[in-house]
Amino acid sequence: MRSQGELAALSLRERKKARTRAAIQRHALRLFREKGYEETTVSQIAEAAEVSESTFFRYFPSKEEVVIWDEFDPRFVDLFRAQPAGMPPVRAMRIAIREVLGGLTPEQEAAVRERMDLMMTVPELRQTMIAQMAAPMRLVAELVAERSGRSPDEAAVTAVAGAIIGVSFAAMFRCVDEPAADMAAVLDEALGYLEAGLPL
């Protein structure tokens, strides 16, 4: 069992790693904006972030991953789990997402939108995101299963997880098509339809 000092040191290390990862991503997005995604190299990103290429690859296995990584995922998971036990999963999901997106600074929101635009419009990023869909699907299924007291492999749980992912993608496409749209409001509206049983 770790001592308090070891846990504090571990927490400090994790925070430093998160800051380095976020800094690399921030510089990458700036370069993508200035040069274009395809024209920007890992070497240029590493130089801008003042890290070695080997350090870049310790944090991100590829250039695609630097766009796909989301620093707010742990915050979302914590907020989802913090909702009252009797709350239905989709309602808890809406509240968690609303709180995460609502708490972003203008700079953070711009970066999220920029990443979303890249993932939806750059073919290799879109392919990578689709290829990696199993991980977010599994995470959502596990969260839904925790809240409902079911197994994450049950058909009902995987169906709800798939529906959440699906309406979230629909909201993302809408935000890409409508740059002035309020991202948090669009996602909340989409999940609201799901929560209501998708009425037409």
#### Entry: Lone unmet requirement of (1) part of a helix (DSSP H, G or I); (2) assigned by TED's automatic domain parsing to the domain that holds S148 for M87
(1)
### Message
Out of L143, L139, I need the residue that is surrounded by 18 or more Cβ atoms within 10 Å (Cβ to Cβ) and assigned to a helix (DSSP H, G or I). Which one?
### Response
L143
### Task
Return a yes/no flag: does the stretch 154-163 have any residue that is under 19 Å from V100 (Cβ atoms) and surrounded by fewer than 16 Cβ atoms within 10 Å (Cβ to Cβ).
no
#### Entry: Every pair of residues 6+ apart whose Cβ atoms lie under 6 Å, when the first sits in the stretch 12-26 and is closer than 17 Å to I68 by Cβ while the second is surrounded by fewer than 16 Cβ atoms within 10 Å (Cβ to Cβ)
A22/E71
### Query
Are any residues in the stretch 175-198 free of Cβ contacts under 8 Å to residues at least 40 places away in the same chain and within 18 Å of P89 (Cα to Cα), and if so, which ones?
E189, A190, Y193, A196, G197, L198
### Summary
Output for Cβ contacts, cut-off 6 Å, separation at least six or different chains, first residue under 19 Å from R30 (Cα atoms) in the stretch 49-76, second assigned to a loop (DSSP other than H, G, I, E, B) and not polar (S, T, N, Q), reads V66/F60
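Table: residues versus (1) part of a helix (DSSP H, G or I); (2) small (G, A, S); (3) modelled with pLDDT of 95 or more.
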residue: R15; (1), (2), (3): yes, no, no
residue: A18; (1), (2), (3): yes, yes, no
residue: L31; (1), (2), (3): yes, no, yes
residue: E39; (1), (2), (3): no, no, yes
### Query
Inside the stretch 73-119, can you point out the residues that are among the aliphatic types (A, V, I, L, M), surrounded by fewer than 17 Cβ atoms within 10 Å (Cβ to Cβ) and more than 29 Å from V157 (Cα to Cα)?
L104, A110
### Query
Of all the residues that make up the stretch 30-44, how many are farther than 20 Å from R113 by Cβ and surrounded by 14 or more Cβ atoms within 10 Å (Cβ to Cβ)?
2
### Query
From the list E124, E99, which residue is within 17 Å of Y37 (Cβ to Cβ), acidic (D, E) and assigned to a helix (DSSP H, G or I)?
E124
### Query
Hey, does the stretch 147-157 have a residue that's under 19 Å from the mean Cα position of the chain (by Cα) and part of a helix (DSSP H, G or I)?
no
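The values are calculated or read from the model by the stated rules, or taken from the named source; none is laboratory data. Since we're looking at a predicted model, the values are computed, not measured. For neighbour counting, all protein chains shown are included, and Cβ atoms are generated from backbone atoms with ideal geometry for every residue, glycine included.
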